[in-house]
Each structure stands twice: as C-alpha cells, then as structure tokens.
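Q: Supplied in structure tokens, the structure appears directly below.
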Amino acid sequence: MFAVMLFQSAAFAQYDTDFRNPNKLPDTDEKKRKTPSFFHRPSKETAASQIEFADKLLAEGKQKAAMKQYSALVHKWHTSPEASKAQLAYARILYDRNDYRDAFDEFQYLIDNFSGQFSYEEALDKQFRIANYLMTARRMKFLFMPGFKIQEQALPLFEMIVKNAPNWKNSIEAQYNIGLISEDMGDYLEAIRAFDAVRYRYPDSDRAADASFRRAYCYYLMANESIRDEISCRQALSALAGFIADYPKYADLELALKYRDELDDRLANMYLERAEFYDKTGRKKAAVIAYEDFVRKFPSSRLAGDISMRIETLKRELEKNK
C-alpha cells in the first residue's frame, strides 16, 4: 500500500510541475523582458554565430543543449534579428518535448515581444493545440481509474488566445470553450458571459446556435439550484424561449422544449400555490387576484377551467359579504 501511495504521489508531482496555479494568466502577460544574466550566458561572441551554434546542436538531436543556447541568445541580444528566430526555436522545442505549459508561455513571449518577425499563425495554432490538450487531458490516471479532468488549466489559455487575436479563425472555438469549461466548473454566470460573447462577436458562425443553447441551459441549471426562486425561473424561461424562437431547427431543440415545459410547470405551481394559500387562509379577495393572475399567465393549463370556476365561487361569496 505504501508503495502505491508513493507511486501516486510521484505521478501527481510530475503533472503538478507543469500545471500549477491554474487560474493565473500566462506569465508573459506581465511582459517582463528577458535580459542578460549569469544563468543565460551565450557560448559565442555574436548573435549570428550563437544561433548558428544552437541550430547545429538541434540538428544533432541535442535538444536540451540547443534550448539553452537559444535562450541565452534571446537574453543577451534581445534586439538582434536573430532573437525572434531563437525565441521561436525555443518555444518549438518545448512543444516537441510535450512541455506544453511552458511552451504556451514562450509562444506568448514571442507574440508580446517580436511582433511581425515570425509566423503569427504558427504561434496561435500551437497555443490553441496546447489549450485543447489541457481541456481534454486527465490527471492521475492509475490502473483502471480514468483520472480527473484538468480542463480548468486551459481556461486562462483560451482567454489569452482570444485576447491575442479576437478575429483569428479559431478564436470562435476558443471563446466557446471558455464557456464550456466555466459551465463544467459550475460557474454559470461566467459561462453565460462567454457564450454571450460568441453570440455577439460571431453571430454568423456555426457556434452561435450552440452558444445560445448552452447559455439557456446555464440559466436552466441556475434555476434548478433555487427551485423556489421565481426570478431565476423566469430568466431561464426567457432564455429558452429566445433560443427556441431563434433556432427552431436546432438539433437539440427537443431538449430545450423539455426544459421549457419543466420550468413552465414549476412557475405555474408557484402561482397556484400562492393562490391556494390565500384561499385556504380565508383571504378571498387576494385569492381571486392570485387565481386570475394564474389563468392569465397560464391559459393553456389543464387546471384553468377548474380555477375559473373557483374564481366565480369566490366572487359570489365576496358579493354576499358586502
């Protein structure tokens, strides 16, 4: 048993090294510039000879040594033409070595400090791939246990991608994934904001309908957390009604209709219970008003006929007592 615990701890530590502080945006967002230091000393006298040396090491398969030399170049000759090439090579090696979290940060450093000197598409694509990997990866796989998702680690990365390039081809998917992750974490208000961003920024995209459905579903989940909250119920009904009207041919329309009918019945019961409370406690005038409110708001209810008859009975009794 002790050996198993040690094995699990080691496995966890190996993962945790790469994915600490999940809710913090990448370090490069602080835009700290790399500067010369004792720990980043180049092996050559010029940037040109340094990158040639680093490229040679990489061609020989000496990735770690090449990484060290590329990093030293960026620190020593940050404004040289070779610096952006070295930074890109450094980020690529991290990516190829599956050191995804650090690779994301180094691609971000490239974006922040060397604009126009590299393939922006490649940097964004690598960042997007890393974020998607973290969204679907699982931690602590052991024997027959599937492990648990670490998708919250991907949240700030998708946010950074959208910030880097809101009009990039995959930013729609990145924004949508922000909503999915927030929803899965139970942060429904943040999920709704993310899905709204998809709807308003990319109204003509294929994800607009999906975002509208997920948004309505989040309102539905929030209403289920407070089943006696009339305001939450109404918000969810409004969101579902808007979705159903906008996307009558959506693939999951039946689910939306099911959620709407469920909430409609719940809201009707709230109104009915209020009216019945007034009725049972002898507050006939208040009961009439509440019953009439029910019939007006839920005319198709199977109880509408019986309630209308009860309204007439109460009105006659009130008339007699005048």
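The values are calculated or read from the model by the stated rules, or taken from the named source; none is laboratory data. In this text the structure is predicted, and so the values were computed from the model without any measurement. Cβ atoms come from the backbone with ideal geometry, glycine included; neighbour counts cover every protein chain shown.
Q: Could you please tell me which pairs satisfy a Cβ distance under 6 Å, a separation of 6+ or placement on different chains, a first residue in the stretch 249-272 that is closer than 19 Å to P299 by Cβ, and a second residue that is among the small types (G, A, S) and surrounded by 13 or more Cβ atoms within 10 Å (Cβ to Cβ)?
A: L263/A236; A268/S301
Q: Same structure, new question: Considering the stretch 196-210 alone, what residues qualify as being within 20 Å of A165 (Cα to Cα) and not polar (S, T, N, Q)?
A: Listed by number, the residues that qualify are D196, A197, V198, R199, Y200, R201, Y202, P203, D204, D206, R207, A208.
Q: Looking at L124, L134, which is the one that is over 27 Å from K44 (Cα atoms), touching a helix residue (DSSP H, G or I) at 6+ places or on another chain (Cβ under 9 Å) and surrounded by 21 or more Cβ atoms within 10 Å (Cβ to Cβ)?
A: L134
Q: Still on this structure, I have one more. Can you say whether E262 is farther than 30 Å from S212 by Cα and either surrounded by 13 or more Cβ atoms within 10 Å (Cβ to Cβ) or basic (K, R) (or both), as far as the supplied structure shows?
A: Taking the combined requirement at face value, the residue does not satisfy it.
Q: So, one more: E183 - would you say it is assigned to a helix (DSSP H, G or I), charged (D, E, K, R) and either loosely packed, with under 14 Cβ neighbours inside 10 Å or over 20 Å from the mean Cα position of the chain (by Cα) (or both)?
A: Taking the combined requirement at face value, the residue does not satisfy it.
Q: Show me the helices (runs of 4 or more DSSP H) entirely contained within the stretch 207-322 in which 2 or more residues are among the polar types (S, T, N, Q).
A: The qualifying helices (runs of 4 or more DSSP H) are 207-225, 230-246, 304-320.
Q: I'm checking my understanding of the structure. Among residues of the stretch 138-155 that are within 24 Å of C218 (Cα to Cα), in contact with a strand residue (DSSP E or B) (Cβ under 8 Å, 6 or more places away or on another chain) and not aromatic (F, W, Y), which one is modelled with the highest pLDDT?
A: Only one residue tops the list, namely I150.
Q: What number of residues within the stretch 156-180 satisfy the criterion of being in a helix (DSSP H, G or I) and farther than 16 Å from Y220 by Cα?
A: Total meeting the criteria: 17.
Q: If you go through the stretch 70-87 one residue at a time, how many are surrounded by 22 or more Cβ atoms within 10 Å (Cβ to Cβ) and either free of Cβ contacts under 8 Å to residues at least 24 places away in the same chain or within 24 Å of I130 (Cβ to Cβ) (or both)?
A: Counting residues in the stretch 70-87 that are surrounded by 22 or more Cβ atoms within 10 Å (Cβ to Cβ) and either free of Cβ contacts under 8 Å to residues at least 24 places away in the same chain or within 24 Å of I130 (Cβ to Cβ) (or both) gives 6.
Q: Hey, S205 hits all of (1) surrounded by fewer than 19 Cβ atoms within 10 Å (Cβ to Cβ); (2) in contact (Cβ under 8 Å) with a residue 24 or more places away in the chain; (3) within 15 Å of the chain's Cα centre (by Cα) but one; which does it fall short on?
A: That leaves (3) as the condition not met.
Q: Next up: I'd like to check something: does the stretch 276-299 contain any residue that is surrounded by fewer than 17 Cβ atoms within 10 Å (Cβ to Cβ), within 46 Å of the chain's Cα centre (by Cα), closer than 16 Å to D264 by Cβ and modelled with pLDDT under 85?
A: Taking every residue of the stretch 276-299 in turn, none turns out to be surrounded by fewer than 17 Cβ atoms within 10 Å (Cβ to Cβ), within 46 Å of the chain's Cα centre (by Cα), closer than 16 Å to D264 by Cβ and modelled with pLDDT under 85.
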